[in-house]
Amino acid sequence: MTEAMPAPPKLSDPERRTAFLLSLPAAMILLIMFILPLGLLLGVSFTGPEGFSLAAYQRLLTTPHYLSVIWNSLKLALVTTALTFLIGYPASFAIARARGGWRSLMLGCLFLPLAASVIVKAFAWTILLRSDGIINSTLMLLGIIDEPVRMIFTQTALIVGSANVFLPFMILPIFAVVAQLDPRLGEAAAMLGANPAVAFLKVTLPVTMPGIIAGVALVFSLSVSAYVVPTLLIGERYPTLAATIAKAYLLTQQPAFGAAAGVVLLSIAIAVVILSSRFGRSSGGLS
Amino acid sequence: MTAPDAGLHLSISNVSKRFGATTVLEDIHLGMAKGELVTLLGPSGCGKTTLLRVVAGLTHPDTGRVELAGRDITRAPPYKRNVGVVFQSYALFPHLDVAGNVGFGLKLRGLPKADIASAVHRALSLVHLERYADRPIRALSGGQQQRVALARAIAVEPSVILFDEALSALDRKLREAMQSELRHLLTQIGATAIFVTHDQEEALTMSDRVAVMYKGRIDQLADPRTLYDQPATAFALSFVGQSLSLKGKVVSSDADGSVVETSAGPLRVPRRFLRGSSVIVATRPEHVTLTAGDNTLTGTVVGATFQGSRSLVEIDAAGTRLTAEMPGRCTLPERGETVIFSWPLSETLSFSGEEHA
Ligand SMILES: Nc1ncnc2c1ncn2[C@@H]1O[C@H](COP(=O)(O)OP(=O)(O)O)[C@@H](O)[C@H]1O
Ligand SMILES: [Mg+2]
């Protein structure tokens, strides 16, 4: 990967100065928008009544309730990632293999909802899933059920809504790789004696691995920190790290605790991104 | 199962294929002996790739039969055919290194590691890439990738190897070098192979026999010499080598042949045609001399170029441009000069004008 990259051109001193000046605004934005808040977050999380303190972390990582909150967030992310992958991987192939108008239509259906805020989408799901919502009324009208079935505020509702909201982020990177995939690769494997299952496992899957890794990392880090979707679709029954952070800042006024929860959340997301890019390199995927 | 024709290694009979309303292959027959090299030659879109894919099992024919090494493989899936393919795009596996690509088929056959390694080495040394075994694919040049694709195909010792415009992505010089090298290599390992190309020079260099394809049919299947000297159709004439041709109507016909009235004058052809039918009269440029002879015409010289071993004289004969080939050392006529030129009756080719080219 690295050796195939062209070496950057050698810059003369004045050029170097210009390049530095030109990159300053971007560097400032990065500093102000990301590095500074992160530093602050880290600082606050280690602050107690008498200066430096590990109390927030101790409380978060030893109280059974908060451990189950961390597990809730992890579980939501794992299930959402698995589900969006199982739907998104074949869907990426369907979109990539579709011709002209169909392809545009499918991409449109997938990406147009991204323009709508996640709150709108989560509310849409509550309207669908409510006890007097569209699904329940239809089922009752058809006589399939006599009483409304509880759908909203269940883990099923949470998973369905979360998978729906995050699916495009799984499909986009996988589709980008699949669209570039030479269909002759599978045929070449077949001509060498690979049946369709073997051709998939030995060629298609490893060649599309970079897209899978990007999609998994993206959906996992988005869903592990999801706030709106769990709050609207399941609420108090399923406390997550993101909800805990909000509560610590907005209700209980415990900034150190909120910051510590934020750091834990961030660490999980960073760990997943690092792990998946490691895995990508060892699986020998294309960059 | 019927016994295959004696000596036929690959036999394609009665194969047709339609995509929707278009007939892409029409009643194709092709038999090949073991160790034979055959080229499918024809313009883009005539069905060459489709025929190759039928042999590979990647496309199913609507009718017909394909037999390989005495086995009916018409319905066999591609992975059970033992047919090798070198694709135009090479289709190398980007996630594997050179050895991984070449050993892919051997690994699937469950061979012991040591056997795979030695077979990979053997295949790579045939294409002079033994030192590249652990290179990633993207670090190779186009020519090297082409060789890896070839090594990957021959490593599993397929019954027949198919090449779909496998050399067309290489630049001219490399392509010409690869043509003779590839032919030598395939002969050396006794491979049976079908090449697909739209490049007539490649077809003549590479193969024992050439199948000229036009609009889904095989117009002519012959060795290169016969193809050049006795093209079966006006299309085969125009597609292989240079030629000069004139259209006309038959004015008289007897036991020895016919006389065709063309815009440039009457020409004799050594073949009987119905009076009044339209006929294409042709010959090869090297048969033309600037003297009177069997078929003599008059024309104006519009250009003459010296090309070393030969010279080309371009003549306008009553509105038809014809190119004659002269020995390099002869005195060339001036531009604008009126000349008589001719070619012998024995070198006169004729085709029914109904079969358009
Ligand atoms: N899968 C397909 N669907 C529809 N038409 C096809 C398909 N494959 C090939 N064709 C058509 O069949 C004709 C022959 O194609 P091909 O065999 O690729 O020709 P060649 O290799 O000689 O250029 C072309 O007109 C092409 O458009
Ligand atoms: Mg083709």
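Checked against (1) crowded, with 19+ Cβ neighbours inside 10 Å; (2) more than 13 Å from the chain's Cα centre (by Cα); (3) not in a helix (DSSP H, G or I), residue A:253 passes all but condition (1). Residue B:293 satisfies every condition listed in (1) without any contact (Cβ under 8 Å) to a residue 60 or more places away in the chain; (2) assigned to a strand (DSSP E or B); (3) touching a Phe, Trp or Tyr at 6+ places or on another chain (Cβ under 9 Å) except (2). In summary, residue A:214 fulfils each of the numbered conditions (1) within 14 Å of chain B (Cβ to nearest Cβ); (2) assigned to a helix (DSSP H, G or I); (3) of a type in the set (A, V, I, L, M) with the single exception of condition (1). Candidates in segment A:179-198 are the residues that are buried (at least 23 other Cβ atoms within 10 Å of the Cβ) and either in a helix (DSSP H, G or I) or in contact (Cβ under 8 Å) with a residue 40 or more places away in the chain (or both); of these, the one that is farthest from the other protein chains (Cβ to nearest Cβ) is A:189. Of the residues A:248, A:242, which single one is part of a helix (DSSP H, G or I) and more than 22 Å from the chain's Cα centre (by Cα)? Sole residue among the options that is part of a helix (DSSP H, G or I) and more than 22 Å from the chain's Cα centre (by Cα): A:248. Does segment B:112-125 contain at least one residue that is charged (D, E, K, R), out of contact with any Asp or Glu (no Cβ under 8 Å at 6 or more places or on another chain) and within 12 Å of chain A (Cβ to nearest Cβ)? No: segment B:112-125 contains no residue that is charged (D, E, K, R), out of contact with any Asp or Glu (no Cβ under 8 Å at 6 or more places or on another chain) and within 12 Å of chain A (Cβ to nearest Cβ).
Selection of segment B:58-83 for residues being in contact with a Ser or Thr (Cβ under 9 Å, 6 or more places away or on another chain) and within 11 Å of chain A (Cβ to nearest Cβ) yields B:59, B:81, B:82, B:83.
Which residues, taken from segment B:40-49, are touching a residue at least 12 places away in the same chain (Cβ under 8 Å) and surrounded by fewer than 22 Cβ atoms within 10 Å (Cβ to Cβ)?
The answer is B:43, B:44, B:49.
Restrict the check to segment A:231-248 and report whether at least one residue is more than 14 Å from chain B (Cβ to nearest Cβ), crowded, with 23+ Cβ neighbours inside 10 Å, of a type outside the set (Phe, Trp, Tyr) and over 23 Å from residue A:68 (Cβ atoms). Taking every residue of segment A:231-248 in turn, none turns out to be more than 14 Å from chain B (Cβ to nearest Cβ), crowded, with 23+ Cβ neighbours inside 10 Å, of a type outside the set (Phe, Trp, Tyr) and over 23 Å from residue A:68 (Cβ atoms).
Only one of the listed residues (B:50, B:59) is of a type outside the set (A, V, I, L, M, F, W, C), near ligand 1 (Cβ under 10 Å from one of its atoms), more than 18 Å from the chain's Cα centre (by Cα) and not in a strand (DSSP E or B). That residue is B:59. Among the residues of this structure, residue A:76 counts as one that is surrounded by 14 or more Cβ atoms within 10 Å (Cβ to Cβ) and assigned to a helix (DSSP H, G or I).
Would you be able to say whether some residue in segment B:114-132 is in a loop (DSSP other than H, G, I, E, B) and touching a residue at least 60 places away in the same chain (Cβ under 8 Å)?
no
Taken together, the values in this text are just the output of simple stated rules run on the coordinates, not laboratory data. This is a predicted model, so every value here is computed, not measured. Glycine also receives a Cβ, built like all others from the backbone with ideal geometry; neighbour counts cover every protein chain displayed.
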